[in-house]
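*Asks:* First the structure, then my questions, so here it is.
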Amino acid sequence: TDLVFFLFATGLFQSFFVIVDFFPSYGQGPQSTPDGFYDLKSLIDPRFWKESFLMALLFQMYLSTFASSLMLVTTLITGKKAALFSDNPMLRATSPSDFWGRRWNLLVHKCLKNGVFKPVYYGSGSQLLAVLAAFLASGLFHEWLLPNVFFNYPNSHGPTLLFFMWQAALVILEVLLRPLLSDVWLPPALQTAMVVLAGLPPGHWFCDSFWRSQFYVQGQMGLPIILPVDS
């Protein structure tokens, strides 16, 4: 059931990027420069925030669709229900730690928690150092992974790592401010909006490698998608 939903929902959502002018086209939009970064003036352009959000949401839907496929195959082969992969972080997360720790790519999170966070935490006694180490490891892993996945990956190093360092800073800031904000109540929808807006400024440092490659062009071949017909 989940796979059918994600196939059609992702296909419909990606169709908007092709047929609706409000959505950015593949390889277009407020992308980073050839060195992997972008002009900070982009941050005052409302289109930057809109297109960053739409591109990030499409990437989340792709992950959910691929994960649902793998989960179905795992269940058919083993007869056991696969663990939850992701829990809609872009639309439901209520804090940076909730986004990265309980909703986004829980498989990778578990690997980082057991392989990096816990050893550093038990060795140093510092939660903040353990958080930093986990995000650093994730950033370095993606710096190695992405150039090997995308043949036309830009010749740049550092943007993806800095993206994850930004997210680490948000989680650390949350931990530091938690005692002061424990009695503050905000509607969950407002909390989610604040989390997403805080994480978006360096979003292109991660999303550009997917956006400027053939990732979505090739991915749409497995989706029920609406495309314009040449007359």
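*Asks:* Can you pull out the residues in segment 1-20 that are open to solvent by 30 Å² or more (accessible area, probe 1.4 Å), touching a residue at least 12 places away in the same chain (Cβ under 8 Å) and not aromatic (Phe, Trp, Tyr)?
*Replies:* Correct list: ASP2, LEU3, LEU7, LEU12, VAL18, ILE19.
*Asks:* Among the residues of segment 47-70, is any open to solvent by 20 Å² or more (accessible area, probe 1.4 Å) and touching a Pro at 6+ places or on another chain (Cβ under 7 Å)?
*Replies:* Yes, the conditions are met somewhere in segment 47-70.
*Asks:* Scan segment 138-174 residue by residue and report those that are at pLDDT 90 or above, among the aliphatic types (A, V, I, L, M) and under 21 Å from LEU200 (Cβ atoms). Walk me through it before giving the result.
*Replies:* Let us first name the residues in segment 138-174 that are at pLDDT 90 or above, namely 138-141, 161-174.
Subsequent filtering for residues that are among the aliphatic types (A, V, I, L, M) retains 140, 161-162, 165, 168-173.
Selection gives LEU161, LEU162, MET165, ALA168, ALA169, LEU170, VAL171, ILE172, LEU173.
*Asks:* Still on this structure, please answer the following. Just checking, does segment 119-126 include any residue being aliphatic (A, V, I, L, M) and either free of Cβ contacts under 8 Å to residues at least 24 places away in the same chain or part of a helix (DSSP H, G or I) (or both)? If you could, list the steps in order and put the result at the bottom.
*Replies:* Here is the first cut: in segment 119-126, the residues aliphatic (A, V, I, L, M) are 120.
After this cut, where a residue has to be either free of Cβ contacts under 8 Å to residues at least 24 places away in the same chain or part of a helix (DSSP H, G or I) (or both) as well, the list is 120.
Within segment 119-126, one or more residues are aliphatic (A, V, I, L, M) and either free of Cβ contacts under 8 Å to residues at least 24 places away in the same chain or part of a helix (DSSP H, G or I) (or both).
*Asks:* Let me ask something else. Quick check on my filter: what residues within segment 177-231 are open to solvent by 70 Å² or more (accessible area, probe 1.4 Å) and under 23 Å from the mean Cα position of the chain (by Cα)?
*Replies:* PRO188, ALA189, LEU190, MET194, LEU197, ARG212, GLN214, GLN218, MET221
*Asks:* Another question, then. Which residues, counting only those in segment 81-97, are closer than 19 Å to LEU197 by Cβ, open to solvent by less than 40 Å² (accessible area, probe 1.4 Å) and either out of contact with any Asp or Glu (no Cβ under 9 Å at 6 or more places or on another chain) or not in a helix (DSSP H, G or I) (or both)?
*Replies:* Pass one, segment 81-97, residues closer than 19 Å to LEU197 by Cβ: 88-97.
So of that shortlist, the ones also open to solvent by less than 40 Å² (accessible area, probe 1.4 Å) come out as 89-90, 93, 95-97.
MET90, ALA93, SER95 - these are the residues of segment 81-97 that are closer than 19 Å to LEU197 by Cβ, open to solvent by less than 40 Å² (accessible area, probe 1.4 Å) and either out of contact with any Asp or Glu (no Cβ under 9 Å at 6 or more places or on another chain) or not in a helix (DSSP H, G or I) (or both).
*Asks:* Considering each residue of segment 202-219, count those that are hydroxyl-bearing (Ser, Thr, Tyr) and either part of a loop (DSSP other than H, G, I, E, B) or farther than 18 Å from VAL18 by Cα (or both), and give that number. Give the steps one after another, and end with the answer.
*Replies:* Step one: filter segment 202-219 for residues hydroxyl-bearing (Ser, Thr, Tyr), giving 209, 213, 216.
This time we only want the ones that are either part of a loop (DSSP other than H, G, I, E, B) or farther than 18 Å from VAL18 by Cα (or both), so: 209, 213.
Looking only at that region, the number is 2.
*Asks:* Specify which of the listed residues (THR78, THR74) is surrounded by fewer than 12 Cβ atoms within 10 Å (Cβ to Cβ), over 16 Å from the mean Cα position of the chain (by Cα) and at pLDDT below 95. Step through it out loud before you land on a result.
*Replies:* Values: THR74 fails: surrounded by fewer than 12 Cβ atoms within 10 Å (Cβ to Cβ).
Residue meeting the stated conditions: THR78.
*Asks:* Would you confirm whether any residue within segment 98-107 is over 23 Å from HIS142 (Cα atoms), in contact (Cβ under 8 Å) with a residue 24 or more places away in the chain and in a loop (DSSP other than H, G, I, E, B)? Give the steps one after another, and end with the answer.
*Replies:* To start, the set of residues in segment 98-107 that are over 23 Å from HIS142 (Cα atoms) comprises none.
Checked segment 98-107: no residue is over 23 Å from HIS142 (Cα atoms), in contact (Cβ under 8 Å) with a residue 24 or more places away in the chain and in a loop (DSSP other than H, G, I, E, B).
The values are calculated or read from the model by the stated rules, or taken from the named source; none is laboratory data. For clarity, every value in this text was computed on a predicted model and none was experimentally measured. Using ideal geometry, Cβ is built from the backbone for each residue, glycine included, and neighbour counts are taken over all protein chains shown. All accessible areas refer to the heavy atoms of the entire protein, side chains included, with ligands and DNA or RNA removed. Shrake-Rupley method; radii C 1.70, N 1.55, O 1.52, S 1.80 Å.
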